[in-house]
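Undergrad: Here it is, the structure, as structure tokens.
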Amino acid sequence: MKKIITLSAFAALLACVFSCETYKVDDPDMTAIHKVDGKYMAFATKDGATEPTTIFGIVITNTTDDADDAGWITISDLDYASAGLRWSRLFSVRFRVDVDIKAQTFSASNVAVIEPRTAWNPYYEGAYGSYGSMYTAFYQWGSFGCTTASISGKVVTDGVDTASGYKADSIEFTYTLNYDDGTSESYTVSGMKKTGWAEDSMEYENWLVEHDLW
């Protein structure tokens with residue numbers, strides 16, 4: 001009996017040694033501009049107004065060569081009615097920005113604008129298995145005559161206390177969009193990175209509904 005107990009204890013020790021073996025887990029892949037990239041929602045105040053005039057859905061992504069000093073920003077106006085669109089279309093622009101990853105800032109001065117065929121809508125994300133990708137004004141109507149844009153902004157890590165009780169990165173920027181008829185629109189923008197918690201997005205969603213923009 002003693003021999004059986006000793007063998008059982010030895011087998012248990014071996015099992016512990018093998019089962020408790022640790023393995024190195026690689027860090028998740030991150031882009032060279034991971035401190036600023038991602039999806040954001042923000043209030044936008046147009047042309048010096050004292051109250052927000054719309055809400056932007058914003059996506060910052062890296063370049064194809066994953067440069068550490070540049071990226072792309074896509075800005076979508078979630079007031080679909082402003083461009084005479086259906087609810088399933090967004091007015092969106094995309095352009096390249098310079099990035100200072102250490103300061104977590106991004107900027108551009110009179111750079112060429114692209115009007116994308118699809119863009120991200122935070123309130124469509126998750127619906128019917130969607131990642132939030134929607135067709136844009138450009139897809140439905142063709143060019144709206146956007147030519148160049150200028151922007152100056154910053155992302156602050158954990159800069160917002162969210163409704164869910166956690167922290168999220170904040171984003172702030174000033175932004176001017178120019179048109180081929182010589183007109184322009186300027187915005188002051190302030191918001192937060194999308195967390196995935198419904199209560200964190202409710203402030204923005206309620207504002208859209210209350211102002212009959214959605």
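The values are calculated or read from the model by the stated rules, or taken from the named source; none is laboratory data. Here the structure is a predicted model, which means the values were calculated and not measured. Cβ atoms come from the backbone with ideal geometry, glycine included; neighbour counts cover every protein chain shown.
Undergrad: Say whether the condition of being small (G, A, S), within 20 Å of the chain's Cα centre (by Cα) and either modelled with pLDDT of 95 or more or in a helix (DSSP H, G or I) (or both) is met by at least one residue in the stretch 15-26.
TA: Within the stretch 15-26 (the criterion being small (G, A, S), within 20 Å of the chain's Cα centre (by Cα) and either modelled with pLDDT of 95 or more or in a helix (DSSP H, G or I) (or both)), the answer is no, since none of the residues qualifies.
Undergrad: Can K39 be described as farther than 24 Å from N121 by Cβ, at pLDDT 55 or above and of a type in the set (K, R)?
TA: no
Undergrad: Just one of W214, W207 is among the aromatic types (F, W, Y), assigned to a helix (DSSP H, G or I), modelled with pLDDT under 95 and surrounded by 12 or more Cβ atoms within 10 Å (Cβ to Cβ); which is it?
TA: W207
Undergrad: Now, a different point. So, of the residues in the stretch 45-96 that are of a type in the set (S, T, N, Q) and at pLDDT 95 or above, which turns out to be nearest to E115 (Cα to Cα)?
TA: Filtering the stretch 45-96 for residues that are of a type in the set (S, T, N, Q) and at pLDDT 95 or above, the one nearest to E115 (Cα to Cα) comes out as T74.
Undergrad: Looking at S164, S201, S143, can you tell me which residue is within 17 Å of M41 (Cα to Cα), more than 14 Å from the chain's Cα centre (by Cα) and not in a strand (DSSP E or B)?
TA: Going through S164, S201, S143 in turn, the sole match is S164.
Undergrad: State the number of residues belonging to the stretch 147-158 that are surrounded by 15 or more Cβ atoms within 10 Å (Cβ to Cβ) and over 14 Å from A103 (Cβ atoms).
TA: 5
Undergrad: Identify all residues within the stretch 170-195 that are of a type outside the set (S, T, Y) and either surrounded by 12 or more Cβ atoms within 10 Å (Cβ to Cβ) or closer than 20 Å to R96 by Cα (or both); write none if there are none.
TA: Listed by number, the residues that qualify are I171, E172, F173, L177, N178, D180, E185, V189, G191, M192, K193, K194.
Undergrad: I need a count of the residues in the stretch 29-63 that are under 10 Å from the mean Cα position of the chain (by Cα), charged (D, E, K, R) and part of a strand (DSSP E or B).
TA: Result for the stretch 29-63: 1.
Undergrad: Keeping to the stretch 90-106, report how many residues are in a strand (DSSP E or B), buried (at least 18 other Cβ atoms within 10 Å of the Cβ) and either in contact with a Pro (Cβ under 7 Å, 6 or more places away or on another chain) or of a type in the set (S, T, N, Q) (or both).
TA: Residues meeting the conditions: 2.
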